[in-house]
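Below is one structure; the comments refer to it alone.
The values are calculated or read from the model by the stated rules, or taken from the named source; none is laboratory data. Because the structure is predicted, anything quoted here is derived from the model rather than measured. Positions of Cβ are generated from backbone atoms using ideal geometry, with glycine treated the same way; all protein chains shown enter the neighbour counts. Just the protein is used for accessible areas: all its heavy atoms, side chains included, with ligands, DNA and RNA removed. Shrake-Rupley method; radii C 1.70, N 1.55, O 1.52, S 1.80 Å.
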Amino acid sequence: MARRPAYKKIHYVRALYNPNTRPGVSFQELVRQALQLRSTVSETKVQMSTLGLVGVRQRHHEWNEPGRPLKLALGAGAPGEAMGTFGADVEADQDEDAPTAPPARRAFKLADAFVLIDQDELLICTDGGMRGYGTVSRYFRALFDLANLAPAAQAFDFEPASNQDKRRTLEQEGVGELTIKGTMYAATQELEPDAGGRVSGAVRQLKHTLQELFSEDAPDEEQREILARHWGDINVVTTISPAGGKTATPVVLSTVDAAGEDMIDEVPDDSEVHIRTRSGNLIKSGDVILTKLIRLRRKERQNDLDPLDVWQELDTFREELRQRGAWQR
């Protein structure tokens with residue numbers, strides 16, 4: 001069976017402290033200190049609402065080497081909770097949805113987060129129920145508390161790294177044409193009401209509607225199942241522009257401008273927004289809020305990402321940001 005594609009977004013954020021309470025070492029060093037004090041997976045676990053237990057599942061082999069970025073894989077799961085199963089080979093006309101308990105001393109894994117930390121800069125990629133970087137920041141606060149680090153170490157916030165020059169260009173020149181580029185992929189969990197903001201939810205719903213239309217044209221159930229495994233191989237490009245360009249009605253221009261600014265900040269993880277300003281400049285969503293859309297593949301026969309694959313993508317994005325002069329700016 002081919003490894004299924006997974007489209008993920010890397011978020012570039014900074015750990016910021018109030019100048020009056022800033023610790024004397026970097027955020028990276030604080031995390032390293034906490035992990036030295038909490039040396040096993042079990043010792044890093046904390047209880048978090050909706051996710052169950054969250055902990056550091058894996059540490060890159062260089063995690064404790066000075067001068068190297070710190071790379072971690074976080075996991076979240078529900079220990080002891082029986083989970084319903086789908087009996088795909090059941091011969092009867094109904095599946096009983098029988099629950100299966102997790103193996104002894106293990107939990108059904110619900111979510112992952114992969115992190116690269118370099119001084120106060122972080123690259124974060126999440127999967128499953130761990131959406132966005134907010135959960136990651138809450139986890140690190142709890143980890144610092146577990147490790148009995150000073151209260152000042154916990155007084156941080158993650159703030160997206162952004163290119164204010166690009167944002168000012170967009171605000172000053174307005175939107176001439178807005179193009180949303182992505183794939184037909186839209187996971188079920190991404191269509192839940194709390195899965196994102198207004199714009200990202202609308203884009204995901206559009207993709208879900210297209211999926212339904214395409215599925216109707218598949219000749220039989222087997223073909224529909226094959227098609228469903230390849231949603232990530234079908235591109236979807238949507239272009240929005242005011243009729244008449246610069247001469248369009250002011251309310252139309254201002255509405256498209258507002259939509260462009262919203263989408264730059266809120267584009268779904270498997271899509272990218274390209275904006276051609278009314279002065280002809282091209283701005284991509286990852287140029288303003290510094291993010292990167294990546295294509296990964298899940299493991300064979302598992303609904304999991306390979307940490308080594310994700311860490312390599314984090315390294316690549318860090319190097320790209322350095323070459324652009326955007327890293328640690």
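Across HIS208, HIS274, HIS61, HIS230, the residue with the most accessible area heads the list, and the full order at a 1.4 Å probe is HIS61, HIS230, HIS208, HIS274. Taking other residues whose beta carbon is less than 12 angstrom from the beta carbon of VAL56, and scoring Lys, Arg as +1 and Asp, Glu as -1, yields +4. Treating r as the C-beta distance of ASP97 and THR50 and R0 as 25 Å, the FRET efficiency rounds to 0.70. When each full DSSP H helix of the chain is screened for a Cα extent of at least 20 Å along its own axis and an average Kyte-Doolittle hydropathy of at least -1.0, the helices passing are 198-217, 250-266. Would you work out the charge dipole size for region 47-106 about its Cα centre, treating the Cβ of every Lys and Arg as +1 and the Cβ of every Asp and Glu as -1, and quote it to the nearest 20 debye? It comes to approximately 840 debye. A probe of 1.4 angstrom, applied to the heavy atoms of all protein chains, finds SER241 with accessible area near 60 square angstrom.
Separation of region 290-326 and region 8-38, taken as the distance between their Cα centroids, equals 21 angstrom. Within the listed set ALA152, ALA92, ALA258, the Gaussian network model of the chain (springs between alpha-carbon atoms below 10 Å) gives the highest mean-square fluctuation for ALA92. Taking a Cβ cut-off of under 14 Å around ALA228, the surrounding Lys, Arg, Asp and Glu residues balance to a net charge of -4, with basic ones at +1 and acidic ones at -1. Note: relative contact order over the chain, using C-alpha pairs below 8 Å and six or more positions apart, is 24 percent. In the Gaussian network model of the chain, springs joining C-alpha atoms below 10 Å, which of ARG229, ARG131, ARG301 carries the largest mean-square fluctuation? Result: ARG301 has the largest fluctuation of those listed.
How much FRET efficiency would the formula 1/(1 + (r/R0)^6) give for GLN172 and PHE86, where r is the Cβ-Cβ distance and R0 is 51 Å, rounded to 0.05?
That pair, GLN172 with PHE86, gives E of 0.45.
Each residue was assigned an accessible area with a 1.4 Å probe, and for ILE294 the value is about 10 Å². Maximal additional length on extending the ILE226-ASP304 stretch stands at 26.1 nm, based on 0.36 nm per residue less the C-alpha distance. Between SER42 and ARG141, residue separation times 0.36 nm minus the direct Cα-Cα distance comes to 33.9 nm. Rolling a 1.4 Å probe across all protein chains gives ARG3 an accessible area of roughly 80 Å². Split the chain at each of the GluC sites (Glu not before Pro) in a DSSP loop with at most 15 other beta carbon atoms within 10 Å, and the longest piece is 97-299. The reciprocal of the average 1/r between distinct C-alpha atoms defines the Kirkwood hydrodynamic radius, which for the chain equals 22.0 Å. Ignoring lysines fewer than eight residues from LYS207 along the same chain, the ones with Cα atoms less than 22 angstrom from its Cα are LYS8, LYS9, LYS181, LYS284, LYS292.
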